[in-house]
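See structure below.
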Amino acid sequence: MNDLIMALIAPALIIFACLIARSISILTKLATGLILCHLLVMIKILMPLAIGNTTFLTLLPGFAIDRMSALFLLLTALIASASFAHAQVFFKQEETSGHGLQTAYVRQYYILATLFVVAMMAVYASDNLGFLWISIEATTLLSAGLVYFHRTKNALEATWKYFIICSVGIAFALLGTIFIFASSQHDQQIGSLSCFELVKLAPNLDLGSFKIGFIFCFLGYGTKAGIFPLHSWLPDAHSEAPAPASALLSGSLLNCALFAIWRIYQIAQATGRCQFIQDVTIWAGAVTVVAAALFLVRQYGIKRLWAYSSIENVGLMLVAIGLNSPFLFFLQAINHSLAKVSLFLISGNIIQSTGTKYLKDIRGVFRFAPVWGIVLALSALAVAGVPPFGSFVSEWMILTENFNLKYIIPAILIIFGLTLTFIAVCLHIGPLLLGTPKSTSKIFRPIASSVVPVTLLIGSLILGLTVGYEGLIKVVR
Amino acid sequence: MTPLEFLSIAAAVFAILMCGTGLLRFNLFLYSLQTFSIALATIAQSQQAKEPELYFVAIAIIVVKALAVPYFLSWISNRIDARSDPGILIPIPITMHAAIVLLGISYPLAKSLPHILWLSDSTVGATVAISLLFTGTLFMLTRRNALSQIIGFLTLENGIYLVAVTCTRGMPFIFEMGSLLDVLVAVMIAGLFVFRIKKSFEHIDVTQLDGLKES
């Protein structure tokens, strides 16, 4: 209970600060400071769980944290801090470049973003499938306002699509949740929605209704995660949102939806009779990887490029879930989040300074902003899975695990998708980095605007070197 | 015919009639009647299953989904002067016939639901629930107006709720309330966005929102 209050103090203070702060610069500074405090508090509460000293922490009835949720909570807190810290630079630049930034919009942005982060944390902390559903629906409701930040026609269109498609998707997840509940009432039992109890009850579940429930939940939460062919809203929403919000959407919201699928997948595994569900999950993941790679080839917007790359990573994480490997799932999630958030933030800088988000209009980033150019190039390589960055290790492990479990064709599909992505990203990014810049493009605050992306990139590098090294030793042995 | 059967069939009929008209206010009125029947069906169920907390759920549904939401949406349609929806893909009368056919298809689907249906008369309830899912989806697919999309979504949501009532022995109360609150907030936000769409685009035809199309 104390832990819960401690974890909610900082978000509450940020909202309070939004209501009282007079100017944008004070507000952004306060929010950054508070979210960093929040990160420290979360580390203090969750570290024993994350390293495995404690196994379980109950917060409220229906809310409990195990090791996996602790790890994802830490990741969310980290991504939230990165996004908020960079938002300070982002809004400052937006203000000075004379886009007519209104204090009210920024205030609204921070309130919604904070509540959005809290809703995402509730997703990880809920032990009850019902609360899980409510939290995921809440993330949709709260993040719609973030996508609409720029108040343009395109932003409105993206928001509407996001809102309607995800709401309908999540409604189907509700239907699935109901079927799972019904399956637990088999043989006159009272029934339960608690994940931990359902895992225990798993052999007694009514398999027919459970399968229907799983499929609906998979489709519903899959819409939110952007599984092909349910991804249509994702590139629009991620590219129209302001950079810090895109970072939040891509770096932590996708993980949330996948985490929900993982929870239900755990129950499916515990029934012990669900080969079908494993096949569906792995195949859906592999197809998503290939489809996203094909879409990547023809893209016109820089942020749309990264949005499709996110879809590809969602496919990989789905495969990791299907392989029943929580470790790989988390590893891929953290590697993707670190590199992708860095990419979205640095792309946001470039878009702000060049005034366009079309790939064909941005040229010569190396020339006018060498720091950003280097960070962009390295982050893009990290996302594409080039060693020594972390993504390489996790993708490698996912592939070997696929071959171990005899999922040969999905593995080949994934290899094809990853190769294509690498080529497509290089082809799109090359001309953007080289060439002659337009006279209007100018770097702003080179250090402040690159601190957060560089930190995240170093994180990805460290992960690649440490985990990769351990993996290498394992392979050698 | 038990009261539960009668009321759920009434809900299905109202939903089908809703597919047969393009007038937004009439759509909303029929949606309201449909929700009202479902709330009454919940009360019938609560008497049969002796689950008194379903009374509260029913009252909350009547207040929120059958009265407040339609009133809010018709207020919006007045404000932005959107009175009717010409439909898209297939003509409106044919949509209604398609909805009737889908009701027919729902029956074998409900029969084949694997769960051991615990009350003898829940097949009819499940049939109506599935048909509401179909009708809501059909409505969303065949209308172009943003408000119609919301109405279709709400019909779909009603279907999901009816699945919960007929196929389970009482969903947890707090969950019912939480999902109801979510629907209410979602409708409020969607309503605000409809205002914005009208203001920016000067129409609320969602099929014309294609500025972000690729290539």
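Here are the numbers:
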| item | result |
| --- | --- |
| Gap separating the Cα centres of the stretch A:221-269 and the stretch B:146-213, nearest whole Å | 20 Å |
| Charge-dipole axis of the stretch A:296-477 as Lys and Arg at +1 and Asp and Glu at -1 on Cβ define it, positive-most pick from A:Pro410, A:His336, A:Thr466 | A:His336 |
| Label point distance in nm, A:Thr55-A:Thr103, each placed 7 Å from Cα along Cα→Cβ | 5.4 nm |
| On Cα atoms only, tilt of B:92-111 relative to the major axis of chain B in degrees | 30 degrees |
| Separation in nanometres of the label points that stand 7 Å from Cα toward Cβ, at B:Leu23 and A:Ala448 | 6.0 nm |
| Degrees separating the helix B:3-19 axis from the principal Cα axis of chain B, which is the longest one | 10 degrees |
| Chain-alone versus full-assembly comparison, the stretch A:121-162, residues with accessible loss of at least 50 Å² (1.4 Å probe) | A:Ile134, A:Leu141, A:Tyr148, A:Lys153, A:Leu156, A:Glu157, A:Trp160 |
| Which of A:Phe218, A:Leu49, B:Ile197, positive extreme of dipole for the protein assembly as shown (C-beta unit charges) | B:Ile197 |
| Prolate/oblate/rounded label for the stretch A:11-76 (Cα gyration tensor, a/c 1.5) | prolate |
| Ratio of the Cα radius of gyration of chain A to 2.2 N^0.38 Å, where N counts its residues | 0.94 |
| Total charge dipole magnitude, the stretch A:296-477, about the Cα centre, Cβ charges on Lys, Arg, Asp, Glu only, Debye to nearest 20 | 600 debye |
| Length released on extending from A:Thr356 to A:Phe196, taking residue separation times 0.36 nm less the Cα-Cα span | 52.7 nm |
| Nearest-ten-degree value, helix B:122-142 long axis tilted from longest Cα axis of chain B | 10 degrees |
| Where the stretch A:115-221 is the region considered: accessible area per residue in Å², 1.4 Å probe | 25 Å² |
| Residue-count net charge about A:Arg367 - beta-carbon cut-off 12 Å; Lys, Arg +1, Asp, Glu -1 | +3 |
| Amide N of the stretch B:18-41 lying under 12 Å from the label point, which is placed 7 angstrom from the Cα of B:Lys199 along Cα→Cβ | none |
| Under 27 Å from A:Lys161, Cα to Cα: lysines that are on another chain or at least 8 residues apart | A:Lys153, A:Lys224, A:Lys303, A:Lys340, A:Lys357, A:Lys360, B:Lys65, B:Lys198, B:Lys199, B:Lys213 |
| Under 19 Å from the B:Asp210 label point (7 Å along Cα→beta-carbon), backbone N, the stretch B:70-109 | B:86-91 |
| Where only C-alpha atoms are counted, convex hull volume of the stretch A:145-196 per residue in Å³ | 75 Å³ |
| Stokes-Einstein translational diffusion, the stretch A:340-477 - Kirkwood Rh over all Cα pairs, 1.002 mPa s, 20 °C, in µm²/s | 131 µm²/s |
| For B:147-156, mean number of other protein chain Cβ atoms within 10 Å | 2 |
| Summed buried accessible area for A+B [probe radius 1.4 Å, Å², rounded to 100] | 4000 Å² |
| Only Lys, Arg (+1) and Asp, Glu (-1) charged, at Cβ; the stretch A:239-391 dipole about Cα centre in debye | 280 debye |
| Ordering of B:82-92, A:353-363 by packing [mean C-beta count within 10 Å, highest first] | A:353-363, B:82-92 |
| Charge context of A:Thr356, other residues only, Cβ under 11 angstrom, K/R +1, D/E -1 | +3 |
| Protein accessible area in the protein assembly as shown, 1.4 Å probe - carbon and sulfur % | 70 percent |
| Calculated FRET value between A:Thr419 and A:Arg298, using beta carbons and R₀ = 25 Å, to 0.05 | 0.90 |
| Highest-first arrangement of A:447-456, A:395-404, A:18-27, B:196-205, where packing means the average Cβ count within 10 Å | A:447-456, A:395-404, B:196-205, A:18-27 |
| Normalised contact order of the stretch A:296-477, rounded percent, pairs of Cα under 8 Å and 6 or more residues apart | 34 percent |
| Calculated FRET value between A:Met47 and B:Ser112, using beta carbons and R₀ = 51 Å, to 0.05 | 0.55 |
| D_trans [Stokes-Einstein, Kirkwood Rh over alpha-carbon pairs] for the stretch A:124-231, 4 °C, 1.567 mPa s, µm² s⁻¹ | 87 µm²/s |
| FRET E, pair A:Ile409, A:Ile458, Förster distance 51 Å, beta-carbon r, rounded to 0.05 | 0.85 |
| Whether the stretch B:1-105 is rounded, prolate or oblate, judged on the alpha carbon gyration tensor where a/c under 1.5 counts as rounded | oblate |
| Peptide B:131-143, shielding by other chains (average Cβ, 10 Å cutoff) | 1 |
| Dipole in debye (nearest 20) - chain B, about Cα centre, beta carbon charges: Lys, Arg +1; Asp, Glu -1 | 320 debye |
| Residue-normalised accessible area of the stretch A:296-477, given per residue in Å² at a 1.4 Å probe | 40 Å² |
| Helical mean residue ellipticity (222 nm; -39500 (n - 2.57) per DSSP H run of 4+; nearest 500) of chain A | -26500 deg cm²/dmol |
| Other protein chain Cβ atoms within 10 Å, averaged over every residue that makes up B:160-166 | 4 |
| Simple label model, 7 Å out from Cα along Cβ direction - A:Leu36 to A:Thr96, nm | 2.0 nm |
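The values are calculated or read from the model by the stated rules, or taken from the named source; none is laboratory data. The model shown is predicted, which means the values in this text are computed figures rather than measured ones. Because the Cβ atoms are built from the backbone with ideal geometry, glycine has one as well, and the counts that use them run over all protein chains shown. Only protein heavy atoms, including side chains, enter the accessible area calculation; ligands, DNA and RNA are left aside. Shrake-Rupley method; radii C 1.70, N 1.55, O 1.52, S 1.80 Å.
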